[in-house]
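Here the structure comes first, spelled out in structure tokens, and everything after it is commentary.
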Amino acid sequence: MQQKASRTENVAKNIAWGYIANVLTMVFSFISRTVFIYTLGSEYLGLNGLFTNVLGILSFTELGIGNVLNYSLYKPLAMDDKEKVKSLMAVYKKAYRWVMVVVLAIGLAICPFLPNMIKDAQSVEHVYLYYGFFLFNTVTSYMVSYKNGLMSAAQKEYAVTNVMAVLNFFMVVVQCCSLVLFKNYLLYLTIQAIFQFLQRIIVSLYVDRQFPLLKEKNVQKLPDEEKAVLKENVEAMVYHKVGDVCVSQTDNIIVSTFISLSAVGKISNYTLITSSLTRIISIIFNNSVASIGNFVATESKERRKSIFKVYNFLAFWIYGIISVELFVLFQPFVKIWAGKTNLIDTLTMALMVFNFYLTGLKVAVANFKTACGIFQADKYIGIVQAVVNLVVSIILAKLIGLPGVYIGTLAQGLVDVVWRPWIVYKRIFKEPVREYYIVWFKYIGILIVLTAISYTFTWKLLAEISLIRIFMAAILIFIVINLILYLLFRKTEEMKYLEEKLYLMFQKIWRGKVRKENFK
């Protein structure tokens, strides 16, 4: 295998390049979405969101193999065990081929039911043809899933990220030109399919070059006991996967079925922003999962607990500030960007933002659990969440409309909050979970107060809406909220730890600059 860089260096590269690529992707997405809105309209945008969710549901056939793959590769990669890596990759390659076949079969079987998922189906032509492009993109994505998993486990995601960012740029340019010139959704989808397929071929060739062992034919079979462990973990992940899919991929289907396709289009403008922000924030937390696993395995219970609290506090701080910004500025921004006709009601917007915030408060628990390989203990939670989400969302969508769908999402999120922290505290920290819930309620209360404060000192500024006023309000909220949070938490152990780490980081950066100056 390739000579390994240090873990810190790889994490730093993943975070740095991940940020650059995700910010660029977000910019590209905004440009593409803006052109899409003003050339094709909300119905085609809704179709985009609906098919993304329909085929997102089929991702349950992946069975959580990706999570198990990453976890099982950590040790052999760290030990430079080529034979074990080859054996595992052969298993995963075969598994993903079966996933491709199953996704294709189920995807085709869904075709007759597509009109039932669109309340106003007669308003859109060529539904099956459009769906075919989405199905093609989904099926081909599994061609390189096992190779992406290897790059992730080896902490070399930054390389794949760079390739994807460059191709995304060219794809968006070509798509936008086609929309402006021809206003043709079929051409838009064709361009997307070509570029995404090209992206997968390039990534596959790159990974083969980085890991020549993938081309070697002399692959040993995994021992039966190791296969049994993999099977057990995958079986546990099935429950997680089904639950996650039913929670994250059903909202648009419910909205399209019970409300309207154009409502899906409006919602997708909001979810574009929240999902882009989530991807950017998650770079910080997801790239540290492997390090957490190593830390938990080598440190005392007290040290584990202290780092968990810092991790949880950092998630609260970052997600809290962004959530306050969204609560105050979401509607004014969407009104200017997408137009008044693409606004959703304020209650639905508030529920979406609150769900975004709850996702942030679950980051520490989720990543500690994954890093420690805890798959069995909470395998039924996903099923419970899925049932709660579907039942509550469908009933309330019929009764109160759009807000009901997101109340269902909120309800399933609270199931997670009740259950998973208890498992983490019991398995990793070996102590009661009461302290976690006290902190959780405190963080919720602080968000409510900070949002009220932000509304109070920005309402006059936003009485007349413009991009400059929104930008000024965003800066003002950012400064005031950070100041309040610092004053509230400056004496806590979590804040002291983060201050120390920031000081050391800036010190290293400064010393590096000084060394460069000395060599001039």
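The values are calculated or read from the model by the stated rules, or taken from the named source; none is laboratory data. What you see is a predicted model; the values in this text were computed from it and never measured. Note that each Cβ is placed from the backbone with ideal geometry, even for glycine, and that neighbours are counted across all protein chains shown.
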*Of the residues Ile477, Ile446, which single one is in a helix (DSSP H, G or I), in the same structural domain as Ala350 (by TED's automatic domain parsing) and either at pLDDT below 95 or over 30 Å from Glu302 (Cβ atoms) (or both)?*
Ile477
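Table: residues versus (1) modelled with pLDDT under 90; (2) within 17 Å of the chain's Cα centre (by Cα); (3) closer than 27 Å to Val264 by Cα; (4) hydroxyl-bearing (Ser, Thr, Tyr).
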{"position": "Glu302", "(1), (2), (3), (4)": "yes, no, no, no"}
{"position": "Phe313", "(1), (2), (3), (4)": "no, no, no, no"}
{"position": "Leu326", "(1), (2), (3), (4)": "no, no, yes, no"}
{"position": "Gln331", "(1), (2), (3), (4)": "no, no, yes, no"}
{"position": "Ala350", "(1), (2), (3), (4)": "no, no, yes, no"}
{"position": "Thr359", "(1), (2), (3), (4)": "no, yes, yes, yes"}
_Given the options Ile307, Ile280, name the one that is in a helix (DSSP H, G or I), in contact (Cβ under 8 Å) with a residue 60 or more places away in the chain and either of a type outside the set (Gly, Ala, Ser) or not assigned by TED's automatic domain parsing to the domain that holds Leu351 (or both)._
Ile280
*Single residue of the stretch 149-170 satisfying the filter (free of Cβ contacts under 8 Å to residues at least 60 places away in the same chain and either among the aromatic types (Phe, Trp, Tyr) or surrounded by 20 or more Cβ atoms within 10 Å (Cβ to Cβ) (or both)) that is nearest to Arg200 (Cα to Cα)*: Val160
*Residues of the stretch 319-343 being surrounded by fewer than 20 Cβ atoms within 10 Å (Cβ to Cβ), touching a Phe, Trp or Tyr at 6+ places or on another chain (Cβ under 7 Å) and hydroxyl-bearing (Ser, Thr, Tyr), which ones?*
none
_Residues being of a type in the set (Val, Ile, Thr) and over 13 Å from Ser454 (Cα atoms) - total across the stretch 471-500_ = 1
*Can you tell me which residues in the stretch 364-386 are under 16 Å from Leu230 (Cα atoms) and surrounded by fewer than 21 Cβ atoms within 10 Å (Cβ to Cβ)?*
Thr370, Cys372, Gly373, Ile374, Gln376, Ala377, Lys379
*Which ones in the stretch 440-460 are surrounded by 15 or more Cβ atoms within 10 Å (Cβ to Cβ) and either small (Gly, Ala, Ser) or over 30 Å from Val365 (Cα atoms) (or both)?*
Ser454, Thr458
*Does Ile191 satisfy being of a type in the set (Val, Ile, Thr), touching a residue at least 24 places away in the same chain (Cβ under 8 Å) and either in contact with a helix residue (DSSP H, G or I) (Cβ under 8 Å, 6 or more places away or on another chain) or not assigned by TED's automatic domain parsing to the domain that holds Met349 (or both)?*
no
*Go through the stretch 32-70 and give me each residue that's at pLDDT 90 or above and either over 29 Å from Thr341 (Cα atoms) or aromatic (Phe, Trp, Tyr) (or both).*
Phe36, Tyr38, Tyr44, Phe51
*asked:* Going residue by residue through the stretch 88-95, is there one that turns out to be assigned by TED's automatic domain parsing to the domain that holds Tyr206, closer than 20 Å to Leu198 by Cα, in a helix (DSSP H, G or I) and not hydrophobic (A, V, I, L, M, F, W, C)?
replied: yes
*asked:* For a quick check of your reading of the model, give me the residue pairs whose first member lies in the stretch 378-403 and is free of Cβ contacts under 8 Å to residues at least 60 places away in the same chain, whose second is surrounded by fewer than 18 Cβ atoms within 10 Å (Cβ to Cβ) and not in a helix (DSSP H, G or I), with beta-carbon atoms closer than 8 Å and at least 6 apart or on different chains.
replied: Pro403/Asp345
